[in-house]
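What follows is a single structure, written as structure tokens, with notes after it.
Readers should treat all values here as calculations from the given coordinates under stated rules, not as data from a laboratory. Every value quoted in this text rests on a predicted model; they were computed, and no experiment measured them. Here the Cβ is made from the backbone with ideal geometry for all residues, glycine too, and neighbour counts use every protein chain on show.
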Amino acid sequence: MEIAAEKRIDGKQIRDHHLALLAQEVDLLKARGIEPALAVIIVGQDPASRVYVNNKKAACAKIGVRSAEYALPEETTTEELLALIDRLNADASINGILCQLPVPAHIDESAVLERISPAKDVDCFHPVNVGLLSVGKGNLMPCTPMGVMQMLKYEGVDPAGMHCVVLGRSNIVGKPMAMLLLAANATVTICHSRTKDLAAITRQADLLVAAVGKPKFVTADMVKDGAIVIDVGMDRDENGKLCGDVDFDAVAPKASLITPVPGGVGPMTITMLMRNTLAACKAQNGIKE
Ligand code: GUN
């Protein structure tokens with residue numbers, strides 16, 4: 001079935017809108033003698049991580065942010081990685097640091113994420129930044145959830161008063177997504193793998209955010225007529241084709257707005273990484289606006 005184009009939220013269009021604004025901000029910073037810079041750490045040879053890192057570097061290049069890649073071998077120890085982070089924390093020419101996840105299993109991921117200076121934590125993974133987010137005082141924002149909020153804003157959707165159901169409770173998406181929706185005055189329910197009678201809850205959602213990592217998990221019977229459906233999934237279907245957590249073809253006819261995969265939330269995540277890099281750069285240079 002052909003889905004009406006006006007229902008489909010176009011993540012690439014919204015990305016381009018934001019990147020153009022961010023590029024202007026970079027120009028203003030450079031006019032003041034400041035060159036924003038992002039350090040990107042990748043450990044090992046995970047092919048998906050390589051694609052993500054390349055996309056992040058390409059976004060930097062597109063808006064004029066300097067990127068510095070640190071590609072470390074698989075056998076890197078936690079101590080070696082922490083030593084690199086210490087160096088980057090102390091390097092005033094670096095504004096943002098991200099370590100692409102997953103890191104190899106022998107590396108202490110929490111130790112790594114907690115070593116990145118909160119001021120340079122452009123992923124918003126450090127407990128200090130998670131805490132600031134929860135009290136509404138964050139400067140750096142969680143990239144994927146913030147990308148979703150920006151998509152809603154662009155589409156003129158105000159979550160205030162809506163019942164928003166978030167599927168998934170990960171530290172990267174589900175939990176911070178719920179925080180941002182709550183801060184936007186939504187009524188928020190978080191569901192997860194142990195939730196009983198899931199469909200009865202998701203059917204109450206005015207806005208449903210799927211972040212469970214299971215291909216086509218959300219089916220039409222789980223969605224209320226007219227709901228807004230946001231798909232954060234990046235999965236593979238039975239034919240190995242990229243798809244989301246939502247069965248798009250079945251759900252789209254019921255939804256008032258829906259994000260496709262690919263071309264939905266994905267492009268926004270990296271855009272918000274760029275936003276955070278500039279926010280970190282400005283804060284480090286005492287620039288308020
Ligand atoms: N791996 C999957 N998603 C992410 C992300 O948002 N940030 C980092 N650093 N690694 C990831």
For the stretch 172-243, build the charge dipole from Cβ charges (+1 Lys, Arg; -1 Asp, Glu) around the Cα centre, then report which of V229, A178, N239 sits farthest towards its positive end. A178
Grab every C-alpha pair in the stretch 167-217, bin the distances at 10 angstrom width from 0 up to the longest one, and report whole percents. 24, 60, 16
note: the chain, Cα-Cα separations exceeding 36 Å make up a percent value of 16 percent
Using 1/(1 + (r/R0)^6) with R0 = 41 angstrom and r between the beta carbons of E74 and A183, what's the FRET efficiency to the nearest 0.05? 0.55
Pop out the Kirkwood hydrodynamic radius of the stretch 65-112 from its pairwise C-alpha distances, inverse of mean 1/r, in Å to one decimal. 11.6 Å
Spin-label pair A83/A200, simplified geometry with 7 Å Cα→Cβ offset, distance in nm: 5.7 nm
For V122, enumerate residues with amide H under 5 Å from its amide H, sequence gap 5+ or separate chain, H modeled in the peptide plane. I97
Taking amide H positions as placed 1.01 Å from N in the peptide plane, with prolines and chain starts having none, which residues 5 or more places from I41, or on another chain, fall under 5 Å of its amide H? Y70, L98, C99, Q100
Modelled label-to-label distance, R32 and A20, 7 Å Cα→beta-carbon offset: nm? 2.4 nm
Multiply the residue gap between N171 and D108 by 0.36 nm, knock off their C-alpha separation, and tell me the result in nm, one decimal place. 21.1 nm
Just name one of A48, Y70, Q13: the one whose Cα is farthest towards the positive end of the charge dipole of the stretch 1-86 (beta-carbon charges, Lys/Arg +1, Asp/Glu -1). Q13
Quick one: what Rg and Dmax do you get for the stretch 17-106 from the alpha carbons, in Å? 14.5, 44
Cα-Cα longer than 26 Å, checked against K175/K288; K137/K282; K7/K282; K57/K214; K62/K288; K196/K241, kept in input order, equals K175/K288; K7/K282; K57/K214; K196/K241
Given q = 0.12, 0.14, 0.21 Å⁻¹, what are the Debye log10 I(q)/I(0) values for the stretch 91-193, with equal point scatterers placed on the Cα positions and solvent ignored? -0.45, -0.60, -1.13
With unit charges on the beta carbon (Lys/Arg positive, Asp/Glu negative), name the residue among I94, G138, V251 whose Cα is farthest towards the positive pole of the charge dipole of the chain. G138
Taking the convex hull of the alpha carbon atoms in the stretch 179-289, what volume per residue do you get, in Å³? 137 Å³
Report the label-to-label distance for K241 and S193 in nanometres (one decimal), using points 7 Å from each Cα along the Cα→Cβ vector. 2.8 nm
Note down the magnitude of the dipole of the stretch 130-272 about its Cα centre, charges +1 on Lys and Arg C-beta and -1 on Asp and Glu C-beta and zero elsewhere, to the nearest 20 debye. 460 debye
For the chain, what is the mean residue ellipticity at 222 nm derived from helices alone (per DSSP H run of n ≥ 4: -39500 (n - 2.57); sum divided by total residues; nearest 500 deg cm²/dmol)? -12500 deg cm²/dmol
Rounding to the nearest 20 debye, state how big the charge dipole of the chain is about its Cα centre with +1 on each Lys and Arg Cβ and -1 on each Asp and Glu Cβ. 580 debye
Summed side-chain charge close to L152 - residues other than L152 whose Cβ falls under 12 Å, Lys, Arg +1, Asp, Glu -1: -2
Once you have a ≥ b ≥ c as the square roots of the Cα gyration tensor eigenvalues for the stretch 1-65, tell me rounded if a/c is under 1.5, and otherwise prolate or oblate according to whether a/b is larger than b/c. oblate
So, with +1 on the Cβ of K and R and -1 on the Cβ of D and E, and no other charges, what is the size of the charge dipole of the stretch 229-270 about its Cα centre, to the nearest 20 debye? 140 debye
For the stretch 207-248, just list the percent of Cα-Cα distances falling in each 10 Å bin from zero outward, please. 34, 52, 13, 0
